[in-house]
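A short write-up of the structure that comes next.
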Amino acid sequence: MSAFVGPIHHIMYDRILLQDQMTETLLLLAEEAGWSAALRAEADGAYPAAAQVALTEVVDPANIHGWLTEAVEVSERRLALVAASLLADEPERLALAQERLQDLGRSTELNLSDDLAVAHRAFGQKLLDGMPCDFPFAMDEPSDGAITWTLKSCPHAAFWVDGDAGLYYELREAFVRGLLADTAYRYGQTADAFSFGREE
């Protein structure tokens, strides 16, 4: 366990902040569309968004790992609460939400190297998938200009009703589609398999 704030901790906090931006995008859409007037207050009361300040201003230096673990869980629960409340069994709303998240992805800065492995690491630094020590994925050997991996244990399921994180992955895919829209790379996902590779 680290006794000082290092690069991985900043990466983790940036992931949390970006996921909170995804949740904020859904809340703003809900308010604009008149879907819910009270959901923001409910979410803020139960699972407040992380502070948009430097990590060193808010982290507990005596318990960095524990503090980040709790922050990850709060961010996950906030997104699950908002998304499920607004979008479950609402296909028209979901389509609008996906459009907004794609726009968010497109506006998110991402600099990708021509080197596939380096580009994949930069891409992965944008997505919150539990803590680094959780190891939720099994990586395959790179082949044919792509990196593939499979899901060993979903780091999101515990925060969704009945452990069903399907809605999360639909929203994530929309965000990633925007994130990679103007790059030479593409992302693919199925129920438990993922890929990142060069555009053909």
Long-range neighbours under 8 Å by Cβ, at least six apart or interchain, first residue touching a residue at least 60 places away in the same chain (Cβ under 8 Å) and exposed (fewer than 14 other Cβ atoms within 10 Å of the Cβ) within the range 180-200, second hydrophobic (A, V, I, L, M, F, W, C) and not in a strand (DSSP E or B): Ala184/Leu112
Asp129 outside the structural domain of Leu39 (by TED's automatic domain parsing), of a type in the set (Asp, Glu), surrounded by 17 or more Cβ atoms within 10 Å (Cβ to Cβ) and touching a Phe, Trp or Tyr at 6+ places or on another chain (Cβ under 8 Å): yes
Given (1) at pLDDT below 95; (2) of a type outside the set (Asp, Glu); (3) surrounded by 13 or more Cβ atoms within 10 Å (Cβ to Cβ); (4) more than 22 Å from Val74 (Cβ to Cβ), index of the condition Gly145 fails: (3)
Pairs, first outside the structural domain of Pro132 (by TED's automatic domain parsing) in the range 52-67, second part of a loop (DSSP other than H, G, I, E, B) and aromatic (Phe, Trp, Tyr), C-beta under 8 Å, six or more apart: Pro61/Phe4; Ile64/Phe4
Residue that is surrounded by the most Cβ atoms within 10 Å (Cβ to Cβ), among those in the range 28-50 that are over 29 Å from His65 (Cβ atoms) and aliphatic (A, V, I, L, M): Ala30
Where Arg106 falls short, out of the listed (1) in contact with an Asp or Glu (Cβ under 9 Å, 6 or more places away or on another chain); (2) more than 21 Å from Arg15 (Cα to Cα): (2)
All helices (runs of 4 or more DSSP H) inside the range 14-117 with 1 or more residues being polar (S, T, N, Q) and modelled with pLDDT of 95 or more: 64-87, 91-107
The range 125-144, residues that are within 17 Å of Ala193 (Cβ to Cβ), touching a residue at least 12 places away in the same chain (Cβ under 8 Å) and of a type outside the set (D, E, K, R): Leu127, Phe135, Pro136, Phe137, Ala138, Pro142
Residue match in the range 79-86 (condition: assigned by TED's automatic domain parsing to the domain that holds Glu32 and in contact with a Lys or Arg (Cβ under 8 Å, 6 or more places away or on another chain)): yes
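One line per residue, one yes/no per condition, for (1) more than 26 Å from Tyr185 (Cβ to Cβ); (2) over 16 Å from the mean Cα position of the chain (by Cα); (3) surrounded by 15 or more Cβ atoms within 10 Å (Cβ to Cβ):
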residue	(1), (2), (3)
Thr69	yes, no, yes
Ser85	yes, yes, yes
Pro91	yes, yes, no
Gln102	no, no, yes
Leu110	no, no, yes
Asp114	no, yes, no
Count of residues meeting criterion [farther than 26 Å from Glu24 by Cβ and either in a loop (DSSP other than H, G, I, E, B) or of a type in the set (Gly, Ala, Ser) (or both)] in the range 145-200: 14
Residue within the range 150-166 that is touching a residue at least 60 places away in the same chain (Cβ under 8 Å) and basic (Lys, Arg) present: no
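The values are calculated or read from the model by the stated rules, or taken from the named source; none is laboratory data. Everything quoted here is computed from the prediction, not taken from an experiment. Cβ coordinates were reconstructed from backbone atoms using ideal geometry, including for glycine residues, and neighbour counts include every protein chain displayed.
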